[in-house]
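Everything on this sheet refers to the single structure shown next.
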Amino acid sequence: MIVLAAGQGTRMKSALPKVLHPVAGRPMINHVLAAAEALDPARIVVVAAPGMESVAAAVAPHATAIQEKPLGTAHAVLAARAALKAELAAGADVLVLYGDGPLISPETLGAMLAERRRPGGPAFVWLGVRPPDPTGYGRLVMQDGRLVRIVEEKDASAEERAVALVWGGLVAGAGPALFELAAKIDDNNAKREFYLTSLVGIGNAAGAPSGVVETAFDEVRGVNSRQELAEAEAILQQRLRRRAMAEGATLVAPETVFLSWDTALGRDVTIEPHVVFGPGVTVEDGVEIRAFCHLTGVTIRSGAQVGPFARLRPGSEVGAGAHVGNFVELKATLLGAGAKANHLAYVGDASVGAGANIGAGTITANYDGVMKHRTEIGPNVAIGSNTVLVAPVTVGEGAVVGAGSTITQSVPADAIVATRAPMTVTERSAARYKARLKAIKAEKERK
């Protein structure tokens with residue numbers, strides 16, 4: 001397979017190569033590669049432009065070929081020839097895709113190859129779609145049920161521009177014939193480029209006819225601008241939401257929930273409105289995630305409750321039946337089974353044992369300005385409100401830490417510890433104190 005990814009994407013107005021812009025938390029070219037990989041191809045080659053090392057890194061371990069100059073789609077395909085030498089020698093079919101088409105499905109790719117490989121099938125199979133507005137697309141000109149040519153917009157006559165069926169940008173073909181005929185394509189057109197679509201006419205003349213497989217327009221939507229990126233995101237989110245609900249999750253207000261490509265939701269999970277899932281989130285059965293939560297790189301075990309207004313950051317795990325409440329942030333933290341951090345806490349680089357309770361306002365002070373340190377909180381520990389645990393520190397099983405404490409040393413199991421300063425009371429002094437402050441303020445205003 002060949003994935004064309006050499007486009008500069010100038011309309012994106014970005015330093016990031018176009019195909020690396022994310023859709024549902026994954027670079028769009030990786031969506032294309034995932035669809036291609038589902039067909040178990042012998043080799044995938046990505047064609048990039050010079051200087052696109054970041055694209056090569058993103059698509060590894062797949063090979064990358066370089067199109068030295070942007071001279072059109074046929075020129076780009078020919079750049080992959082050397083990398084496919086062994087496959088071509090074996091007579092393999094070749095499927096050409098675009099790296100900026102993240103919505104293509106394995107089913108559509110499979111249908112193209114099936115048509116190519118059926119007995120008496122065409123040498124080349126072109127993917128056709130019927131967009132609401134065909135302007136800008138190459139028209140598929142059919143005659144007696146056969147594809148006779150593909151005409152680019154700038155080269156099309158008024159009659160040809162009226163054709164509703166257009167090329168979706170993908171083609172499957174017999175590999176040796178594809179490269180042999182692509183090498184014969186010229187640049188005699190309005191753009192002075194080597195169009196891959198010229199294969200239709202050249203192939204028909206050489207006895208290598210072309211056929212068409214149709215699919216839905218959404219599958220071939222290319223992304224060339226921020227607006228189109230947002231449109232692709234919206235379509236993929238709809239797919240992900242439908243899949244989640246079909247597999248047994250309840251999304252109370254689906255249009256407000258944003259999922260990543262790899263979000264895994266178990267059965268009987270309830271997701272309230274305005275929840276955002278970053279990459280790497282697994283949610284087991286029976287979990288409730290309340291409104292306005294943000295989760296990335298976290299595992300939530302069965303029966304847990306999260307939110308509202310909770311933030312769960314990478315490397316965290318919420319144990320079975322545990323509670324993470326409003327305005328609680330976890331980072332690289334294991335919250336044990338049945339443990340609770342119900343409100344207003346930051347727990348980072350920590351392990352919290354089963355059944356422990358983290359009081360409101362608790363903070364694990366995990367950073368000393370140079371390194372991160374861990375806090376270990378044992379099972380059934382009670383941490384009082386407004387406690388600061390200065391890592392590295394350990395609180396033993398069953399210990400109780402009094403509210404307002406700053407813990408800088410490890411606490412033994414089953415101990416009670418508090419570090420509050422003694423309370424001092426000066427009676428009948430508040431009025432004199434306030435009068436003094438007012439006098440100071442008045443003196444400053446006179447000056």
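Do we have residue 113 as closer than 23 Å to residue 18 by Cα and modelled with pLDDT of 95 or more here?
no
Pairs, please: C-beta under 9 Å, at least 6 apart or cross-chain, first residue under 18 Å from residue 295 (Cβ atoms) and in contact (Cβ under 8 Å) with a residue 12 or more places away in the chain and in region 245-261, second among the acidic types (Asp, Glu) and in a helix (DSSP H, G or I)?
Short answer, once both residue conditions are applied: 258/233.
Restricting to region 101-119, count the residues that are of a type outside the set (A, V, I, L, M, F, W, C) and either buried (at least 24 other Cβ atoms within 10 Å of the Cβ) or under 18 Å from residue 178 (Cα atoms) (or both).
Looking only at that region, the number is 6.
Counting only residues that are within 18 Å of residue 96 (Cβ to Cβ) and either outside the structural domain of residue 80 (by TED's automatic domain parsing) or of a type in the set (D, E, K, R) (or both), how many does region 19-43 have?
Residues meeting the conditions: 3.
Could you tell me whether any residue of region 86-98 is farther than 19 Å from residue 174 by Cβ, surrounded by 17 or more Cβ atoms within 10 Å (Cβ to Cβ) and either out of contact with any His (no Cβ under 6 Å at 6 or more places or on another chain) or of a type outside the set (Gly, Ala, Ser) (or both)?
yes
Working only within region 150-159, note down all residues that are farther than 30 Å from residue 82 by Cα and either in contact (Cβ under 8 Å) with a residue 40 or more places away in the chain or in contact with a helix residue (DSSP H, G or I) (Cβ under 9 Å, 6 or more places away or on another chain) (or both).
153
Take residue 389 and decide whether it is at negative phi and modelled with pLDDT of 95 or more.
So residue 389 fits the description; yes.
For the condition of a type outside the set (A, V, I, L, M, F, W, C) and surrounded by 14 or more Cβ atoms within 10 Å (Cβ to Cβ), what is the one hit in 207, 266?
266
Being surrounded by 18 or more Cβ atoms within 10 Å (Cβ to Cβ) and over 23 Å from residue 150 (Cα atoms): is that true of residue 77 here?
no
Find the residue count for region 346-389, including only residues that are of a type in the set (Asp, Glu) and either farther than 16 Å from residue 334 by Cα or in contact with a Cys (Cβ under 9 Å, 6 or more places away or on another chain) (or both).
1
Just checking, how many residues over region 32-62 are under 18 Å from residue 92 (Cβ atoms), among the small types (Gly, Ala, Ser) and crowded, with 16+ Cβ neighbours inside 10 Å?
1
Report, by residue number, each residue of region 278-290 that is buried (at least 18 other Cβ atoms within 10 Å of the Cβ) and more than 20 Å from residue 320 (Cβ to Cβ).
The answer is 278, and nothing else.
Where in region 360-447 are there strands (runs of 3 or more DSSP E), lying fully within it, with 1 or more residues that are buried (at least 16 other Cβ atoms within 10 Å of the Cβ), hydrophobic (A, V, I, L, M, F, W, C) and more than 36 Å from the chain's Cα centre (by Cα)?
Of the strands (runs of 3 or more DSSP E) lying wholly inside region 360-447, those with at least 1 residues that are buried (at least 16 other Cβ atoms within 10 Å of the Cβ), hydrophobic (A, V, I, L, M, F, W, C) and more than 36 Å from the chain's Cα centre (by Cα) span 393-395.
In region 163-200, what count of residues is obtained for those that are without any contact (Cβ under 8 Å) to a residue 60 or more places away in the chain, in a helix (DSSP H, G or I) and surrounded by 16 or more Cβ atoms within 10 Å (Cβ to Cβ)?
Final tally of qualifying residues: 2.
The values are calculated or read from the model by the stated rules, or taken from the named source; none is laboratory data. Remember, predicted model here, so these are calculated numbers, not experimental data. Positions of Cβ are generated from backbone atoms using ideal geometry, with glycine treated the same way; all protein chains shown enter the neighbour counts.
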